[in-house]
Every structure is written in structure tokens, then in C-alpha cells.
1. From the phi angles alone, apply the Karplus equation (6.51, -1.76, 1.60; θ = phi - 60°) to the stretch 139-146 and give each ³J(HN,Hα) in whole Hz, x where the residue is Gly or Pro.
2. Sort Leu11, Leu30 so that the residue with the fewest other Cβ atoms within 10 Å of its own Cβ comes first and the one with the most comes last.
3. From the backbone phi of the stretch 48-59, what are the Karplus-calculated ³J(HN,Hα) couplings (6.51 cos²θ - 1.76 cosθ + 1.60, θ = phi - 60°) in whole Hz, Gly and Pro given as x?
4. Among Val141, Val53, Val4, Val87, what is the fewest-to-most ranking by other Cβ atoms within 10 Å?
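Just so it is clear, none of the values below were taken in a lab; they were calculated from the coordinates. A quick note: this is a predicted structure, and the numbers were derived from the prediction, not measured. Every residue, glycine among them, receives a Cβ derived from its backbone with ideal geometry; neighbour counts consider all protein chains shown.
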Amino acid sequence: MEDVTRLLHELRDGSRTALDEIFPKIYAELRAVARRELRREHQVRTIEATALVHEAYCKLVDQARVDWRDRHHFLSVAARAMRQALVDMARERLAKKRGGDWERVTLSGIGPGFEVPLRDLVALDQALDRLEQIEPRFRQVVELRYFAGLTVEEVATILGVAERTVHRDWIKARAWLYKEIYPDPAP
């Protein structure tokens, strides 16, 4: 872990080779994150874990100078890159010229969640952006729990809060997102 943190600091300071050295060291962990994310899809997948990791890598390579703190911070940014890649693919699949179907993605992990039709994954992405304006930590919790597949304990460590706080934030964020994506119909 110290080696990864050192390389992240080199990357932050402008080293062009640091990302190439970091990637093999955490590749297995990124693949596990991608596999957890893709396991949530109930229908036929159009991408495999390896391809999702590579998509995230391409997004990370394009990052402007990021103030990398440590391995956890890198994984958080990688989770966001995977989210962006999945949303981009959902947009592409749902474009009229490509057609679209009703695949479902579950926003759960622990306890009852809710299912988001693939066509609403873009709405989920937009709702997460709005949630960030209201409560940035809630957005972080959702990205780390849902998109990165991290445990409550891991998220608590990354965010520097109590596990109970993460659990509460996870419940509140899911409820808020559900209401944002599926508002009550007008009476």
C-alpha cells in the first residue's frame, strides 16, 4: 500500500510512468470492483469486467492533475470512472438508432434497494450530480457502495466517518435517489 501511495504522489507531481506502474499493482482489485458492479446486471451484459477496468483506466489517464492522496482515493476516482463508463454505455445503448431494452440494474448491496431500468441509469447519474450539490458525502457513499462495491467498513475508512454514519447515509441517499428518479405522480 505504501508503494501505491508513493506512486500516486509521483503521479500527482507529473510522473508520466507512475500510472503505468500503479495499474498492475491494483489491477486485481479494480477487476473485483468491476465484477461486483457487473454482477448487478440481471440481463445480458454488453461489457465484461476486464473491459470496464480498461474503460476506467482510459478515463484515469485523461485526468488532469489530481491531488492523489492514497490507494483509497484512487479507488474512489476509479469507481467514478467506472460509473461514467457504464452511464456512457447506457446512453449509447438507449440512443434511438441503437434501440434499447428494459434491462435492470439494482441499487442495493445491503438491505432493500430498488431497481433502476437501464433507461433510467442516465437519470440516476443526473440525480447523483444533484445529490452532490445537497450532500456531497451521500454521493460519495453511493459511488463507493454501489459502483465500487465497497463494504460499509471500507467506505467509513475512506471517508473518515463511523460505520454507522455510512449506513445511515446509504439509507438516506437511496431513499432520496428513488424519489428523484421516480417522483410521485400528480394526483
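1. 4, 4, 4, 5, 4, 6, 6, 7
2. Starting with the residue having the fewest Cβ neighbours, the order is Leu11, Leu30.
3. Values per residue, Gly and Pro as x: 9, 4, 4, 5, 5, 4, 5, 4, 4, 4, 4, 5 Hz.
4. Listing Val141, Val53, Val4, Val87 from fewest to most nearby Cβ atoms yields Val87, Val4, Val53, Val141.
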